[in-house]
Structures are given as C-alpha cells and as structure tokens.
Amino acid sequence: MNALYHRLITGIRTNAERDLRLAHAAGNAADQARAQARLDTVEAALGIHGGAHLQTHGTRP
C-alpha cells in the first residue's frame, strides 16, 4: 500500500508544483493563489497521513 500511495502522491504533488510554476510564469495572480492553495492542501494531507501512520505503526510512511 505504501508504494502505491507514494506513487500516487508523487504524481499529485508534481502536478501541483507544475501548476504553480505555470501560473507564476503566466503572471496570473488568481491562478497562482489557486495553485498555491492546492499545493498547500496536498502538503497538509501528507502531514496528516504521516502523523496517523506514525501513531498507528510507529514509523512514518
């Protein structure tokens, strides 16, 4: 499960980072804010998952 999770999350994080770079390059403030919020949400979800995994299994994923 962890290998699948990491593969999926890596793709989602990469896409969110790419969207932020593209919005920044285009100079569109609304798109930048949306992309940054998406990236922040992905990072928060990863933190929550990591914390839950640590509490349950004693290690980080």
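With the structure loaded, tell me whether I48 is surrounded by 13 or more Cβ atoms within 10 Å (Cβ to Cβ) and in a helix (DSSP H, G or I) or whether it fails that test.
no
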Within the bounds of segment 13-22, is there any residue that is within 11 Å of the chain's Cα centre (by Cα), exposed (fewer than 14 other Cβ atoms within 10 Å of the Cβ) and assigned to a helix (DSSP H, G or I)? yes
Among (1) at pLDDT 95 or above; (2) within 27 Å of R60 (Cβ to Cβ), where does A26 come up short? (2)
Pairs returned, first residue in segment 34-57 that is closer than 18 Å to H6 by Cα and modelled with pLDDT under 90, second residue that is of a type in the set (S, T, Y) and exposed (fewer than 13 other Cβ atoms within 10 Å of the Cβ), beta-carbon separation under 8 angstrom, 6 or more apart or interchain, are H53/T59
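The values are calculated or read from the model by the stated rules, or taken from the named source; none is laboratory data. This structure is a prediction, so every number in the text was calculated from the model and none was measured. Ideal geometry is used to build each Cβ from the backbone, glycine not excepted, and the neighbour counts take in all protein chains shown.
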